[in-house]
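The values are calculated or read from the model by the stated rules, or taken from the named source; none is laboratory data. Not measured: the values here are computed from a predicted model. All Cβ positions, glycine included, derive from the backbone under ideal geometry; neighbour counts span all protein chains shown. Each accessible area value is taken on the protein alone, full model and side chains, heavy atoms only, with ligands, DNA and RNA left out. Shrake-Rupley method; radii C 1.70, N 1.55, O 1.52, S 1.80 Å.
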Amino acid sequence: MVKAVLAKVIENRPEDAVAFLADYFENFGDKPNKISQAHQQLVLTHHSRPAFEGNVRAAYDILSQFRVSKSLQGLNGVAYTELLQLICSGFPEDVKEKLMKKIGCRDNEVVPFNVFRAAIFTCFVLQDYIKQAEQLFHALDIQKTGTADKVLCETTLNQLFLAVSSSEHGIDTKTVLDAAYSLGPDRLYLALNKAVSPTRGSRGTTTCDEFVISAVDSFLLKVSPLT
């Protein structure tokens, strides 16, 4: 713990290191429980249901009880990041790293509600998007070997990219997911049929993780940095 705290001091370079350490340890005792409570609020219902908005607000209020400075209470970057990491705990490591570059913040920052809300929706929509990408891959894994033909995967990913790129509202992650769901079967069939033409040679195989990460890259292109 001591090494972790010293790393935080070096990383954030607070003007008052003693006050920084006092705030850190004051928050440390209750933080795991509050993170868990906030997460529990968020998983009560699916993000597409109206009640989710209220749950996001409730989660934010729970985490806003931390002290950001001597005279200011609110959601700090430490609690914000830990909650996002908990939500994304099932994501591939490469995906989590790329996502946090888009929606992460510094430990000593105060996170306003609009940023918190956008990040939460992004995480949960991406969670659904990853599941959809995995299902798409399993449909391509005809032999059920855990790998699929690379040509078919690249063709499908290209169609997915075109569908996502055509969404009108780039920062609306819900629209991105809708675009993925509405990937036209006729257009996809024609593209795949062309890809398996006898005149085209095999170019190896693709794993599920490789397919998902490539699909996520298309998603993240539509996510603007939040902070």
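Computed values, structure above
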{"item": "Any hit, the stretch 110-119, residues being closer than 30 Å to Arg57 by Cα, modelled with pLDDT under 90, open to solvent by 50 Å² or more (accessible area, probe 1.4 Å) and outside any helix (DSSP H, G or I)", "result": "yes"}
{"item": "Residue count for the stretch 44-68, restricted to those that are open to solvent by 40 Å² or more (accessible area, probe 1.4 Å) and either at pLDDT 90 or above or farther than 13 Å from Phe124 by Cβ (or both)", "result": "8"}
{"item": "Checking Leu160 against (1) modelled with pLDDT under 85; (2) part of a loop (DSSP other than H, G, I, E, B), the condition it does not meet", "result": "(2)"}
{"item": "Check on Thr155, open to solvent by less than 80 Å² (accessible area, probe 1.4 Å), more than 19 Å from the chain's Cα centre (by Cα) and at pLDDT 90 or above", "result": "no"}
{"item": "Residue among Lys131, Lys102 that is in a helix (DSSP H, G or I), on the phi < 0 side of the Ramachandran plot and open to solvent by 70 Å² or more (accessible area, probe 1.4 Å)", "result": "Lys131"}
{"item": "Residue list for the stretch 88-99, filter: in a helix (DSSP H, G or I) and open to solvent by less than 80 Å² (accessible area, probe 1.4 Å)", "result": "Val95, Lys96, Lys98, Leu99"}
{"item": "Meets criteria (at pLDDT 85 or above and open to solvent by 70 Å² or more (accessible area, probe 1.4 Å)) for Lys174", "result": "no"}
{"item": "Check on Ala148, touching a Leu at 6+ places or on another chain (Cβ under 7 Å), in a strand (DSSP E or B) and of a type in the set (A, V, I, L, M)", "result": "yes"}
